[in-house]
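Heads up, the thing below is written out as structure tokens.
The values are calculated or read from the model by the stated rules, or taken from the named source; none is laboratory data. Here the structure is a predicted model, which is why all the values come from computation and not from measurement. Here the Cβ is made from the backbone with ideal geometry for all residues, glycine too, and neighbour counts use every protein chain on show. Side chains are part of the model used for accessible areas, which takes the heavy atoms of the whole protein and leaves out ligands, DNA and RNA. Shrake-Rupley method; radii C 1.70, N 1.55, O 1.52, S 1.80 Å.
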Number of protein chains: 2
Amino acid sequence: MKKILGASLFLLSMAVLGQAKEDSIQFAKISTEILNNGKAYTELRDLTKNIGHRLSGSEAYEKAVKWAEQKLRDAGADKVWLQEVMVPVWIRGKESLQIKTSNGKWTSLKMLSLGNSEGTGGKDVSGEIIMVKSMEEYEKLSPEQVKGKIVFFNYPFSQSYIETFRGYGDAAKYRVNAASLTAKKGGKFAIIRSLSSAFDDIPHTGAMRYENENKIPAVAIGNTTANELEVLLKSQKITAKLNSNCGMKGEKPSHSVIGEITGKKDKSVIVVGGHLDSWDVGEGAHDDGSGIVQSIEVLRTFKKLGIRNNHTIRVVCFANEENGVKGGIQYGKTAKENNEKHLFAIESDAGGFAPRGISLNMNNEKRKQIQSWASLFFPYGVYNFEGTYSGTDIYPLHDMGVPTSELVPDSQRYFDIHHTEEDTFEKVNRRELLLGAVAMTQIIYMIDKNW
Amino acid sequence: MKKILGASLFLLSMAVLGQAKEDSIQFAKISTEILNNGKAYTELRDLTKNIGHRLSGSEAYEKAVKWAEQKLRDAGADKVWLQEVMVPVWIRGKESLQIKTSNGKWTSLKMLSLGNSEGTGGKDVSGEIIMVKSMEEYEKLSPEQVKGKIVFFNYPFSQSYIETFRGYGDAAKYRVNAASLTAKKGGKFAIIRSLSSAFDDIPHTGAMRYENENKIPAVAIGNTTANELEVLLKSQKITAKLNSNCGMKGEKPSHSVIGEITGKKDKSVIVVGGHLDSWDVGEGAHDDGSGIVQSIEVLRTFKKLGIRNNHTIRVVCFANEENGVKGGIQYGKTAKENNEKHLFAIESDAGGFAPRGISLNMNNEKRKQIQSWASLFFPYGVYNFEGTYSGTDIYPLHDMGVPTSELVPDSQRYFDIHHTEEDTFEKVNRRELLLGAVAMTQIIYMIDKNW
């Protein structure tokens, strides 16, 4: 009996080893195919240079919808379709911010209105600037001190965190809430120091939110300007004058773009995606053109290598992540309505940098199973399976009980260029981008085979 | 007895845990100090913009010697000195490469003579180009086929390796040997496709070597030019004409720069270094200004945090890594002559990118000990202790039995810009550079404490 058991265990362990070897060979094939023949980089050039930034609701976004539809067909999708989504239409328009120092002269500052912010309706709005360095400091101000003033939230992006997303998360409340907080105490508009890890003067836009009906403007300035303003405010009163035309102009129907290769065994779905929209500055190259071209690369690679996928592998190019997440919400809703079984979803929305891990937002059993595959990923520089979050667009799926995840690229450079004019194709490295697609294809290969 | 043993084990494990906690607190202090107050990035700007590239033997290199001396003093070194080294003097001078196609017109190609190559002495040297795609293909050619010809070694940099250093290692023999191989069969000069991972037209220089006295020139062209030349050669005979003035102009005395903080317990030495010289194009920012400013940062951080170092921590800014390794050789020789005990050496010479690991070139016992510290490094993105090589400049120390190592940064972007006009300060990211200094300071803290 012992002998038989021993022999069985031996055969079993040989089978496991054989399995691991087969997987490691498949991992290498995926990597070699993508590094040598991957199209993600040239497609990103096409998207960023021929369409450029593409806020949902804009004409450029509609071009991007047609572009993604075509690229999914080119990649070999069995089926491609558009999913209708109502998206907000936010327009920036012309904008300027000036300050007047004690010498009486007006100086223009580099700035960007925050996304979703209302403007001044093309009129000058001015007032004295008061500066706070933190929420706590702002809380101590009385409405009398704020009334009629411009509040400058000068909270610096923390350099101390290793993962820059933590610094971003820490500072994000200033961007999201500055206008509402200022309005509550009677201020005229809010200025924030950009959520930027760089030591430069690039302003960063990004979503803000109104908590009530008093919708006053909020704008961001770059780090250098913030530093200079801070110095000036120590010695004198400064008046700021904003003139802006931004604002929400209702909603319109738009689309997420979906393409899939049909499962050979069943119709359960594995989602891989990114968001097709971007902010209205720069080219949306890292955020999130990268996630889009990587997701399409996954599908292309399955077809090219002739990997027989058991389950349906579906690429979703989500609409409107940046200012509403309407695409992600609609996708989840439709999946529920259609009673579609989703096995797994992964999003790439943290930049096209060299991958370091995959973050796992799922129950412990599934999590442990994926973590048990770590040694397969190690040779590809993908070693960190400790994260517990997943992409924004697939949270609705997560809330329905689907195991979700996110590609974790190196985060050091992301918040230098995130939501700025500098998020351009030139900032993306070909090999780094392709390696992200490699990791996504590899994990989908494992999930498809084992789940 | 069992109880006593149990209690002892308990106390021991508490002590080990306490130790790990103390180390992890110290790791965090090091990281926070460097990310918030590190000087490496601004000092790299100073070195690259105010001195620029600095081939050993050049005036710029001598300026860099003075610069490093001052920076080591500023960082708080107890002792700073210069170590004399005889270095080769290689000069590039004016150079041009042209080709004539079947239409009879001459076209200039972007090119760089390889480092250490002799030129044409300012005269035109021309001949018909023959192309080979590999060493194997070249071996098959008879001397009659090569005689009087220009040999174009068109071997592409492999994109398949995850670690780009492997692709570099694979292709390096073409750069090193092309001239000697061509000379052996009577060719006039050699052209190589650059050792470049990029899809661009930037030529990469770098060291070549002569195996015999027939010193014919070797030059590099960029990938785009190589591709175009390959296409042209399929349909027609192409004549190439080289005119160059490069060559070796003897030797001269120069210096490595050394600074240290004295050990509180003994005089054994821990070396941290990089090479101060660079090729004569670009700014030597990643290669290896980064290693220099990171090494100085280590010393500065020990002083700033008041870490009591048991052993002497010595920063060595090596001369002449690029075309002779005379600084590294001299350092080893002097250490031997002076009977200095070296505990450990680490070099940073793989670019100022986000660190991923530390490569360990030492006996298994020491290697295992360092690997047992891995969990301390994990939160800093440093997870890979599998490598077995160490930096070029510290090989002489390794050969004397010293445990040596190298910082392992992400390698994806390095060979896009390595040894080119593009290796500039702008290609270095502040946080990535500083995190490399963090990892080096952390490992030296551990070695200093435990060895």
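Brief remarks on what is shown
- Which numbered condition residue A:192 fails, given (1) away from chain B (no Cβ under 14 Å); (2) in a helix (DSSP H, G or I): (2)
- Filter result for residue A:17 (open to solvent by 20 Å² or more (accessible area, probe 1.4 Å), in a strand (DSSP E or B), among the aliphatic types (A, V, I, L, M) and out of contact with any Gly (no Cβ under 9 Å at 6 or more places or on another chain)): no
- Filter result for residue A:36 (at pLDDT 95 or above and surrounded by fewer than 21 Cβ atoms within 10 Å (Cβ to Cβ)): yes
- Residue in region A:220-243 that is outside the structural domain of residue A:60 (by TED's automatic domain parsing), assigned to a loop (DSSP other than H, G, I, E, B), out of contact with any Cys (no Cβ under 8 Å at 6 or more places or on another chain) and open to solvent by 10 Å² or more (accessible area, probe 1.4 Å) present: yes
- On inspection, residue A:113 does not qualify as open to solvent by 20 Å² or more (accessible area, probe 1.4 Å), touching a residue at least 24 places away in the same chain (Cβ under 8 Å) and among the small types (Gly, Ala, Ser).
- Qualifying positions in region A:161-175 - closer than 20 Å to residue B:29 by Cβ, more than 9 Å from every other protein chain (Cβ to nearest Cβ) and among the charged types (D, E, K, R): A:166, A:170
- Exclusive hit being away from chain A (no Cβ under 14 Å) and on the phi < 0 side of the Ramachandran plot, set B:423, B:416: B:423
- When each of A:402, A:438, A:408 is tested for being closer than 22 Å to residue A:315 by Cβ, within 12 Å of chain B (Cβ to nearest Cβ) and outside any helix (DSSP H, G or I), the lone residue that passes is A:408.
- Look at (1) open to solvent by 20 Å² or more (accessible area, probe 1.4 Å); (2) touching a strand residue (DSSP E or B) at 6+ places or on another chain (Cβ under 8 Å); (3) under 12 Å from residue A:405 (Cα atoms) and you find that residue A:370 fails only one, number (1).
- Only one entry in B:387, B:357, B:351 is part of a strand (DSSP E or B), of a type in the set (Gly, Ala, Ser), under 30 Å from residue B:416 (Cβ atoms) and within 14 Å of chain A (Cβ to nearest Cβ), namely B:357.
- Filter pass, residue A:431 being within 15 Å of the chain's Cα centre (by Cα), modelled with pLDDT of 95 or more and within 12 Å of chain B (Cβ to nearest Cβ): no
- Hey, residue B:326 of a type in the set (Lys, Arg) and over 19 Å from residue B:62 (Cβ atoms) or not: no
- From the options A:126, A:102, A:56, residue that is touching a Lys or Arg at 6+ places or on another chain (Cβ under 8 Å) and either basic (Lys, Arg) or not assigned by TED's automatic domain parsing to the domain that holds residue A:177 (or both): A:56
- Given (1) at positive phi; (2) within 14 Å of chain A (Cβ to nearest Cβ); (3) open to solvent by 20 Å² or more (accessible area, probe 1.4 Å), index of the condition residue B:380 fails: (1)
- Looking only at residues of region B:203-215 that are crowded, with 23+ Cβ neighbours inside 10 Å and at negative phi, we find that the one that is farthest from the other protein chains (Cβ to nearest Cβ) is B:208.
- Here residue A:288 qualifies as of a type in the set (Asp, Glu), closer than 30 Å to residue A:306 by Cβ and touching a residue at least 60 places away in the same chain (Cβ under 8 Å).
- Strands (runs of 3 or more DSSP E) lying entirely in region B:60-160 (those with 2 or more residues that are out of contact with any His (no Cβ under 7 Å at 6 or more places or on another chain), more than 14 Å from chain A (Cβ to nearest Cβ) and among the β-branched types (Val, Ile, Thr)): B:79-91, B:125-132, B:150-153
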